[in-house]
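Asks: Input: one structure, supplied below.
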Amino acid sequence: MISTTSEERQAPSRPYCVASRPPGKPLGARKARKSAAGRQSLRVRWKRDRQMLLMMVPGLVFLLLFFYIPILGNVIAFQDYQPFLGILNSDWVGLQNFVDLYFDPDFWVALRNTLVLALWQLVLFFPVPLGLALIVDSLMSTKIRRWFQSIVYLPHFLSWVLVIALFQQVLGGAGLVNNELRQLGLGAIPFMTNPDTFPLLATVQLVWKDAGWAMIIFLASLASIDGSLYEAAATDGAGRWRRMWHITLPGLRSIIVLLLILRIGDILSVGFEQFLLQHDAVGPGASEVLDTFTYFAGVVGGGWSMGAAAGLAKGVVGAILIFAANKVAHRMGEPGIFSKKVG
Amino acid sequence: MAINAQVRNASDGTPPSGKPSQGKQSNRKLSQRKRSGLTFNPNRPAWKEPASPLYQCIKGVILGLITLSIVLPILLVVSTSLADDQQLVQAGGYVLWPTHPTLQSYEAIFSGSFMFRALGVSAVVTAVGTLLALFVTITMAYATSRPVLFGRPVLLLVLFTLLFAPGLIPMFLMVKQLGLLNTLWSLILPGIFGAFNFVVMRSFFMNIPQELVESARIDGAGDFKILWKIVLPLSKAVVAVVGLFYAVGFWNAFFNAMLYINDQTKFPVQLVLRNYVVQGGGLADQLGIASAPPPQSMQMAIVVVALLPILLVYPFLQKHFNKGVITGAIKG
């Protein structure tokens with residue numbers, strides 16, 4: 001996803017020296033471009049590219065205002081931030097906020113919930129799109145295929161509020177299923193409010209919402225597997241399952257590793273809105289995750305610095321995890337998400 | 001699929017059995033082709049054996065259940081919002097098909113200005129946000145799609161946003177610092193650039209034949225003109241997809257509103273949905289109506305109001321999925 005090296009290399013060059021570049025010789029052209037670019041002075045390039053530079057301005061302003069300055073704002077994690085004093089005048093307290101966090105039982109509850117949910121998602125959510133993609137890929141009728149794809153992609157575009165509302169209408173205390181149960185004389189089952197089964201519920205919600213959409217990437221890589229491999233295997237007498245085991249799954253290996261890395265790097269973000277919305281119904285004991293902890297401790301409770309400390313810790317650990325996972329992927333001989341060449 | 005094909009065979013009067021009797025002498029490939037020729041399907045490669053009935057059944061059941069699990073809740077909500085009181089009471093609160101459809105719950109939720117205002121807020125945020133987002137994303141993606149001065153470091157600045165997030169509290173403080181709290185800009189500005197959409201857009205621009213751009217340059221066109229007159233007309237598909245992605249994102253955003261907006265008159269639809277459906281707040285009180293229809297059907301009506309724009313836009317969005325606009329970028 002982030003790896004742009006290969007694109008970069010194929011990127012057509014700007015006409016630095018249109019005349020001197022022999023047509024149809026990309027390899028030589030690339031070299032020529034490099035040396036030509038090296039020769040051109042900054043001023044010439046500035047003059048040539050100034051409209052392009054102007055185009056970067058809106059995006060850069062955005063990145064500055066809503067990404068890079070807020071990142072610097074994380075310094076309040078090392079302060080005793082008081083809104084009326086501002087960042088410049090608040091007291092510096094070193095690592096005190098992190099120490100407080102360490103001794104805050106709620107933080108550990110949030111961390112535990114996050115990891116538990118991540119594990120559930122990894123076990124229950126991760127394989128579903130792969131299975132779906134294999135089924136859809138085996139569909140021969142383009143019509144059924146299209147219809148099915150249109151339907152399973154749809155929930156991805158519904159907001160979490162809507163998804164929770166729909167789940168409530170079906171599984172909630174006054175929802176369809178419990179209504180039927182009551183009419184049959186059976187007791188209602190608290191699907192939506194039971195803290196013990198909440199991880200399962202949350203994972204089911206996630207599967208319902210996003211499993212179809214997550215399938216799209218597997219479908220793309222299934223389509224890129226060379227069909228003649230299947231043909232050759234079938235001619236040699238390989239059946240359906242052997243073909244899947246020896247051709248399809250190896251063909252998907254890279255993408256599976258890539259998605260696993262992304263998932264592991266993101267293990268501390270299991271979702272936010274989903275848990276915020278169900279915070280009241282299930283209670284913080286089961287539904288508090290790191291992100292909601294940050295929100296409730298920081299914005300709602302006024303512990304700005306402590307919330308920022310939790311957020312910062314999460315972000316840093318997440319970045320370390322993703323680098324580590326990427327390294328493991330390189331060891332396994334997979335391309336991973338980014339390589340050293342991009343930097 | 002084979003199910004279709006069998007039906008077709010049956011209507012032709014071709015017996016579905018007795019396939020490969022003459023295939024014995026001829027070579028294997030031919031017999032396979034013959035066999036697949038019987039349950040004719042142009043998409044099935046010659047080497048692929050038709051699935052066994054059992055496997056077909058299992059597949060059909062799985063696909064059917066998944067489809068039902070998605071369609072049923074939506075149908076339930078739409079039907080219940082349209083059902084009249086009598087049927088609702090009889091059915092115990094939920095109906096799957098309204099026998100006497102009525103719009104009374106919609107009339108109720110739209111009786112005050114409350115719901116109109118929420119819809120207006122969502123519409124304005126979505127429209128303005130999408131336009132701005134497209135502007136920022138297109139210019140940034142085009143400017144980094146070719147090797148220009150500072151192109152590389154700027155690209156890295158963007159890609160870094162995929163790895164790390166500034167965090168909720170610094171973002172809140174920034175929005176507050178900019179004086180955007182309690183304004184619609186707080187719902188718009190933080191969302192007008194997404195690195196993922198940028199990557200999609202940029203990789204599309206990079207695949208545009210460079211000769212077109214070069215010839216325009218030789219003719220004396222500047223970069224703005226090239227972007228507007230040559231690149232954008234070629235990129236309608238990707239602009240549509242990215243625009244729709246942004247629009248859906250703005251429409252669906254709820255947490256930003258919860259965080260930045262206190263003023264009830266500036267609540268977007270999603271926040272109304274959360275306050276009065278998910279949290280079950282007193283909707284009739286808010287609307288100030290005395291004889292309200294059952295709360296359930298009013299809640300459903302709000303759900304439908306939030307859902308409808310997505311359903312309307314979805315076919316346009318969906319049209320592009322199979323063209324590989326998105327997946328192409330992911331693979332790159």
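The values are calculated or read from the model by the stated rules, or taken from the named source; none is laboratory data. Bear in mind the structure is a predicted one, so any value in this text is a computation, not a measurement. When we count neighbours, we look across all protein chains shown, and the Cβ atoms used for this are built from the backbone with ideal geometry, even at glycine.
Asks: Need the failing condition index for residue A:231 against (1) part of a helix (DSSP H, G or I); (2) at pLDDT below 85, just the number.
Replies: (2)
Asks: Another question, if that's okay. List the helices (runs of 4 or more DSSP H) inside the stretch A:81-184, counting only whole elements, that have at least 3 residues being under 19 Å from the mean Cα position of the chain (by Cα).
Replies: Working: elements: A:86-89, A:96-102, A:105-120, A:127-138, A:142-153, A:160-171, A:176-183.
Correct list: A:105-120, A:127-138.
Asks: If you check every pair at least six apart or on different chains, which have Cβ atoms under 8 Å apart with a residue in the stretch B:251-270 that is at positive phi first and a residue that is modelled with pLDDT of 90 or more second?
Replies: Short answer, once both residue conditions are applied: none.
Asks: Could you say which residue among B:316, B:245 is in a helix (DSSP H, G or I), closer than 18 Å to residue B:190 by Cα and either modelled with pLDDT of 85 or more or not assigned by TED's automatic domain parsing to the domain that holds residue B:71 (or both)? Can you show your working first?
Replies: Working: B:316 fails: closer than 18 Å to residue B:190 by Cα.
On inspection, the qualifying residue turns out to be B:245.
Asks: Another one. How many residues does the stretch B:145-169 contain that are within 7 Å of chain A (Cβ to nearest Cβ), more than 21 Å from residue B:249 (Cα to Cα) and not aliphatic (A, V, I, L, M)?
Replies: The qualifying residues number 3.
Asks: Sticking with this one: Can you confirm whether residue A:314 is over 30 Å from residue B:273 (Cβ atoms), among the charged types (D, E, K, R) and assigned to a helix (DSSP H, G or I)? It would help to see each step written out before you state the result.
Replies: Numbers: over 30 Å from residue B:273 (Cβ atoms): no; among the charged types (D, E, K, R): yes; assigned to a helix (DSSP H, G or I): yes.
Against the criterion (over 30 Å from residue B:273 (Cβ atoms), among the charged types (D, E, K, R) and assigned to a helix (DSSP H, G or I)), residue A:314 does not qualify.
Asks: Next question. All but one of (1) at pLDDT below 85; (2) buried (at least 22 other Cβ atoms within 10 Å of the Cβ); (3) of a type in the set (A, V, I, L, M) hold for residue B:301, so report the exception by its number.
Replies: Result: residue B:301 passes all but (1).
Asks: Same structure again: On the basis of being in contact with a Ser or Thr (Cβ under 9 Å, 6 or more places away or on another chain), assigned to a loop (DSSP other than H, G, I, E, B) and within 13 Å of chain B (Cβ to nearest Cβ), does residue A:269 make the cut? First the steps, then the outcome.
Replies: Details: in contact with a Ser or Thr (Cβ under 9 Å, 6 or more places away or on another chain): yes; assigned to a loop (DSSP other than H, G, I, E, B): yes; within 13 Å of chain B (Cβ to nearest Cβ): yes.
In short, yes.
Asks: Okay, next question. Give B:172, B:198 a once-over and let me know the one that is aromatic (Phe, Trp, Tyr), more than 7 Å from chain A (Cβ to nearest Cβ), touching a helix residue (DSSP H, G or I) at 6+ places or on another chain (Cβ under 9 Å) and part of a helix (DSSP H, G or I). Break it down into steps so the answer makes sense when it comes.
Replies: Numbers: B:172 fails: more than 7 Å from chain A (Cβ to nearest Cβ).
After applying the criteria, what remains is B:198.
Asks: Let me ask something else about it. With the condition kept exactly as written, say whether any residue in the stretch B:133-141 is more than 7 Å from every other protein chain (Cβ to nearest Cβ), surrounded by fewer than 21 Cβ atoms within 10 Å (Cβ to Cβ) and part of a helix (DSSP H, G or I).
Replies: Going through the stretch B:133-141, the residues more than 7 Å from every other protein chain (Cβ to nearest Cβ) turn out to be B:133-134, B:137-138, B:141.
Now restrict to residues that are surrounded by fewer than 21 Cβ atoms within 10 Å (Cβ to Cβ): B:134.
Within this subset, residues satisfying the condition of being part of a helix (DSSP H, G or I) are B:134.
Scanning the stretch B:133-141 turns up at least one residue that is more than 7 Å from every other protein chain (Cβ to nearest Cβ), surrounded by fewer than 21 Cβ atoms within 10 Å (Cβ to Cβ) and part of a helix (DSSP H, G or I).
Asks: Still on this structure, I have one more. Among the numbered criteria (1) farther than 24 Å from residue A:77 by Cβ; (2) assigned to a helix (DSSP H, G or I); (3) within 11 Å of chain B (Cβ to nearest Cβ); (4) without any contact (Cβ under 8 Å) to a residue 12 or more places away in the chain, which one does residue A:326 miss?
Replies: Answer for residue A:326: the failing condition is (4).
Asks: For the stretch B:289-297, state whether one or more residues are touching a Gly at 6+ places or on another chain (Cβ under 6 Å) and modelled with pLDDT under 85.
Replies: Going residue by residue through the stretch B:289-297, those that are touching a Gly at 6+ places or on another chain (Cβ under 6 Å) are B:296.
Okay, now just the ones that are also modelled with pLDDT under 85, so B:296.
Taking every residue of the stretch B:289-297 in turn, at least one turns out to be touching a Gly at 6+ places or on another chain (Cβ under 6 Å) and modelled with pLDDT under 85.
Asks: With the structure loaded, tell me whether residue A:152 is modelled with pLDDT of 90 or more, surrounded by fewer than 18 Cβ atoms within 10 Å (Cβ to Cβ) and of a type outside the set (Phe, Trp, Tyr) or whether it fails that test. Please lay out each step first, then the result.
Replies: Working: modelled with pLDDT of 90 or more: yes; surrounded by fewer than 18 Cβ atoms within 10 Å (Cβ to Cβ): no; of a type outside the set (Phe, Trp, Tyr): yes.
Here the answer is no, as residue A:152 does not meet what is asked.
Asks: Quick check on this structure: which one of A:283, A:251 is assigned by TED's automatic domain parsing to the domain that holds residue A:113, out of contact with any helix residue (DSSP H, G or I) (no Cβ under 8 Å at 6 or more places or on another chain), surrounded by fewer than 22 Cβ atoms within 10 Å (Cβ to Cβ) and not aromatic (Phe, Trp, Tyr)? Walk me through how you get there before you give the answer.
Replies: Numbers: A:251 fails: out of contact with any helix residue (DSSP H, G or I) (no Cβ under 8 Å at 6 or more places or on another chain).
Only one candidate passes the filter, namely A:283.
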